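Below is one structure; the comments refer to it alone.
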Amino acid sequence: MPSRRMARELALQALFSIEIGRRDVAEVLDEYLASYGESEQRLFVKDLVLGTLEYARESDLTVGPLLEGWSVDRLPTIDRLLLRMGTFELHHRPAMPRPVVINEAVELAKRYSTEGSGRFVNGVLAAVVAVALQGADAKA
């Protein structure tokens, strides 16, 4: 059975195909998930892709102020997609441990993006968590 890491990698590839190729979401999901059958991993990939797309604007609004001197649209595509996917998971999938979400995004950034992307993604997602925790403390 494929791991969650592999599922996140597949979700990133699907998101990249949608973003760069301007492809239909359903078509990309069908293509990328054809070999998965009706497994838990298939549902996880689908949830990540659809959730990341649905909450992309919300994620960009969360991440934007944390990008000292940068804007979301100027980021490398892979970094932008990983930050959106990570922010989606951190905000909307609270059962997933935060360190796991961040670590997986960092590993994917190291593998698929620029030399400094791993550190960058780590810093931004850690700041997303810190801001969320500050907001939770303020409400308490």
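The values are calculated or read from the model by the stated rules, or taken from the named source; none is laboratory data. Just so it is clear, the model here is predicted, and its values are computed rather than measured. Note that each Cβ is placed from the backbone with ideal geometry, even for glycine, and that neighbours are counted across all protein chains shown.
Region 62-140 holds helices (runs of 4 or more DSSP H) entirely within its bounds, and those carrying 2 or more residues that are among the acidic types (Asp, Glu) and surrounded by 20 or more Cβ atoms within 10 Å (Cβ to Cβ) map to 77-92. The condition (being in contact (Cβ under 8 Å) with a residue 60 or more places away in the chain and either surrounded by fewer than 18 Cβ atoms within 10 Å (Cβ to Cβ) or in a helix (DSSP H, G or I) (or both)) is satisfied by just one residue among Arg23, Arg5, Arg57, Arg42: Arg5. Of the residues Ser3, Ser59, Ser39, the single one that is farther than 20 Å from Val106 by Cβ and polar (S, T, N, Q) is Ser39. In this structure, does Glu58 turn out to be modelled with pLDDT of 95 or more, charged (D, E, K, R) and closer than 20 Å to Ser17 by Cβ? Taking the combined requirement at face value, the residue does not satisfy it.
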